[in-house]
Amino acid sequence: FPSIMMGVHQETGAMVPSGIRKLKDLHTLRHVNVGRGNAVLRDIGMLTGLHKLGVAGINKKNGRAFRLAISNLRKLESLSVSSAGMPGLCGCLDDISSPPENLQSLKLYGSLKTLPEWIKDLQHLVKLKLVGARLLEHDVAMEFLGELPKLEILVITPFKGEEFHFKSPQTGTAFGSLRVLKLARLWNIKSVKFEEGTMLKLEQLQVEGGIKNEIGFSGLEFLLNINEVQLRVSFILAEERIRAASAAGADYETAWEEEVQEARRKG
């Protein structure tokens with residue numbers, strides 16, 4: 001969890017064997033670790049029949065090879081990318097010359113700071129998940145994403161800032177197709193605002209914050225189709241005290257429950 005908060009993700013996933021490029025009819029390839037060289041990315045770029053791809057271990061050293069590979073996968077409908085190292089995905093996803101035009105699901109795990117420009121071209125994108133992105137210019141990013149015509153599900157976790165503000169565009173509506181919005185790990189968030197003309201089709205709003213947060217909501221009356229709001233509170237537990245109590249002979253589950261109760265009392 002601390003690594004996610006910093007935008008760093010461990011290099012998990014399987015190492016694929018050499019010669020995988022020969023599997024021209026392969027439809028799905030997931031949980032692949034590409035962090036130990038560019039050869040596997042060159043092989044993946046030759047799998048032109050891929051519809052679903054999930055890779056881990058993306059960094060600046062293999063970022064160019066990854067971008068070249070993605071540009072070749074014209075049939076790709078689902079893409080999951082996980083970073084490795086402190087910079088996260090910063091500088092790894094920019095300048096994809098020909099993003100998959102039929103991409104419907106995009107999941108990005110790692111620090112981004114700003115969204116890649118090519119996401120604007122994903123006119124068929126239905127689901128977008130940003131984990132650990134830590135976007136610096138929130139308003140710009142939301143204006144950016146609000147223009148995607150088919151986006152139905154948006155997940156953002158965590159968020160760096162005190163206010164989530166969804167502004168109405170000068171013309172038309174923003175997030176016109178969005179049905180589900182999830183904002184998680186909002187440790188410092190104080191308010192979530194919706195302006196008139198945003199998310200007219202939103203049905204479900206999920207917000208997760210820390211136990212000490214007092215989150216204010218405004219503009220919910222503009223969400224004409226909202227039928228469910230989920231508010232979840234997360235606890236930050238002192239794992240060191242739990243382990244110490246367990247080492248001293250206490251039952252681990254009992255020590256865990258006592259720490260939860262202490263967190264609730266302090267909250």
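Remarks
- A 1.4 Å probe run over the protein chains yields, for the stretch 20-236, 48 Å² of accessible area per residue, whole-number rounding.
- Highest mean packing comes first when the peptides 144-157, 163-176 are listed by Cβ atoms within 10 Å, giving 144-157, 163-176.
- Taking the average, over residues, of other Cβ atoms within 10 Å as the packing measure, peptides 22-35, 59-72 rank 59-72, 22-35 from highest down.
- Selection from 192, 157, 49, by position along the positive dipole direction of the stretch 20-236 (Cβ): 49
- Above-threshold pairs, the threshold being 23 Å between Cα atoms, out of 107/190; 52/201; 127/167; 60/190: 107/190; 52/201; 60/190
- Expressed as a whole percent, the accessible area of the stretch 20-236 that falls on carbon and sulfur atoms is 48 (1.4 Å probe).
- Environment charge at residue 96 (Cβ cut-off 10 Å; Lys +1, Arg +1, Asp -1, Glu -1): -3
- Surrounding net charge for residue 201, when Lys and Arg each add one and Asp and Glu each subtract one, Cβ distance under 9 Å: -1
- Ordering of 117-123, 222-228 by packing is 117-123, 222-228, highest average first (other Cβ atoms within 10 Å, averaged per residue).
- Across 75/120; 24/150; 22/129, pairs whose alpha-carbon gap is larger than 27 Å: 24/150; 22/129
The values are calculated or read from the model by the stated rules, or taken from the named source; none is laboratory data. For clarity, every value in this text was computed on a predicted model and none was experimentally measured. All Cβ positions, glycine included, derive from the backbone under ideal geometry; neighbour counts span all protein chains shown. The accessibility values were calculated without ligands, DNA or RNA, using every heavy atom of the protein model including side chains. Shrake-Rupley method; radii C 1.70, N 1.55, O 1.52, S 1.80 Å.
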